[in-house]
Amino acid sequence: MQRCPEPELMNAPDQVIAYAEADFSSGDHSVIERLYELIDESPTTLSPGSLILDLGCGPGNISERLAARWPLSNVIGLDGAPSMINIATQRLNSLRPAFQNLNYKLVDLSHYSVDKMIQLKGASVIVSNSLLHHLHHPQKLWDCVKELAAPNAFVLHRDLRRPSHEREVDVLCDRYARQAPSVLQRDFRASLIAAFTPEEVRDQLDLAGLSQFRVEAIGDRYLEVCGQWCP
Ligand SMILES: C[S@@+](CC[C@H](N)C(=O)[O-])C[C@H]1O[C@@H](n2cnc3c(N)ncnc32)[C@H](O)[C@@H]1O
């Protein structure tokens with residue numbers, strides 16, 4: 001099935017509210033556990049004060065978990081959609097004084113200027129969940145990783161993967177989005193069709209000079225890119 005991109009930024013009010021209210025806790029939890037495993041199986045550790053970036057952080061669901069799990073690290077969630085960053089910031093304000101190690105920043109990764117990125121350089125961990133399929137030029141994500149990662153940084157990107165046939169899209173929508181609000185049903189379908197296959201992501205990584213990262217299909221609808229950045 002051919003890829004059909006969807007809009008990059010999630011900024012429509014109904015879309016942002018539905019997304020922020022949805023329960024993605026089991027997927028969010030599994031991203032954190034996978035990152036923990038990746039760090040745990042490496043001889044490198046995360047030192048206090050290390051920087052963790054959550055790219056395309058949306059309403060902050062994963063950024064909050066990162067900040068709670070690694071309280072001695074500084075977590076920055078980045079998103080290019082002002083509405084998403086507003087919701088993430090409101091949530092954070094309601095959680096203060098906890099989460100002193102978490103902040104958000106409005107950055108469109110497809111059109112960033114190096115000036116805006118200076119404080120983000122040297123990250124020890126770079127994570128994204130459900131970002132890659134939004135990008136019209138996916139190499140941007142891999143350029144960002146190379147620009148921002150410190151040597152030996154842990155890198156974990158989880159996303160949907162594109163099914164081979166439209167009938168598989170129907171099956172997945174029926175399996176996972178039947179009870180969801182209509183805006184989320186629509187977005188889930190569009191995201192599956194906008195997603196990349198593991199083979200396409202492999203090619204993107206090879207082109208970016210990031211062949212060291214592993215790409216794996218996970219379960220019936222995800223793919224994962226992970227590894228440690230060695231320049
Ligand atoms: C499907 S949401 C995922 C949110 C969050 N990571 C999660 O797992 O719940 C994708 C997010 O990526 C953001 N995004 C898409 N393209 C982006 C870009 N070029 N720069 C920054 N953020 C982007 C969207 O605005 C949206 O908030």
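What follows draws every value from the coordinates through simple rules; no lab data is involved. Computed from a predicted structure; not experimentally measured. Here the Cβ positions follow ideal geometry from the backbone for every residue, glycine too, while neighbour counts run over all protein chains shown.
Need at least 2 residues that are buried (at least 16 other Cβ atoms within 10 Å of the Cβ), in contact with a helix residue (DSSP H, G or I) (Cβ under 9 Å, 6 or more places away or on another chain) and in contact (Cβ under 8 Å) with a residue 60 or more places away in the chain per element, so show me which helices (runs of 4 or more DSSP H) inside the stretch 52-149 make the cut, counting only ones lying wholly within it. Before you say what the answer is, go through the steps one by one.
Working: elements: 61-69, 82-95, 114-117, 139-148.
Filter on the stretch 52-149 gives 61-69, 82-95, 139-148.
Run Pro7 past the list (1) within 11 Å of the ligand (Cβ to nearest atom); (2) touching a helix residue (DSSP H, G or I) at 6+ places or on another chain (Cβ under 7 Å); (3) within 24 Å of Thr197 (Cβ to Cβ) and report the number of the one that doesn't hold.
Single failed check for Pro7: (2).
Does Ala177 qualify as being in contact (Cβ under 8 Å) with a residue 12 or more places away in the chain, touching a strand residue (DSSP E or B) at 6+ places or on another chain (Cβ under 6 Å) and buried (at least 17 other Cβ atoms within 10 Å of the Cβ)? Don't jump to the end; show me each part of the working.
Numbers: in contact (Cβ under 8 Å) with a residue 12 or more places away in the chain: yes; touching a strand residue (DSSP E or B) at 6+ places or on another chain (Cβ under 6 Å): no; buried (at least 17 other Cβ atoms within 10 Å of the Cβ): yes.
Here the answer is no, as Ala177 does not meet what is asked.
Regarding the stretch 59-66, can at least one residue be identified that is among the polar types (S, T, N, Q) and within 13 Å of the ligand (Cβ to nearest atom)? Even if it seems obvious, please write down each step before you answer.
In the first step, residues of the stretch 59-66 are kept if they are among the polar types (S, T, N, Q); the result is 61, 63.
Now restrict to residues that are within 13 Å of the ligand (Cβ to nearest atom): 61, 63.
Yes: one or more hits.
Does Ser30 count as at negative phi, assigned to a loop (DSSP other than H, G, I, E, B), of a type in the set (Gly, Ala, Ser) and out of contact with any helix residue (DSSP H, G or I) (no Cβ under 8 Å at 6 or more places or on another chain)? Break it down into steps so the answer makes sense when it comes.
Working: at negative phi: yes; assigned to a loop (DSSP other than H, G, I, E, B): no; of a type in the set (Gly, Ala, Ser): yes; out of contact with any helix residue (DSSP H, G or I) (no Cβ under 8 Å at 6 or more places or on another chain): yes.
Spelling it out, it is not the case that Ser30 is at negative phi, assigned to a loop (DSSP other than H, G, I, E, B), of a type in the set (Gly, Ala, Ser) and out of contact with any helix residue (DSSP H, G or I) (no Cβ under 8 Å at 6 or more places or on another chain).
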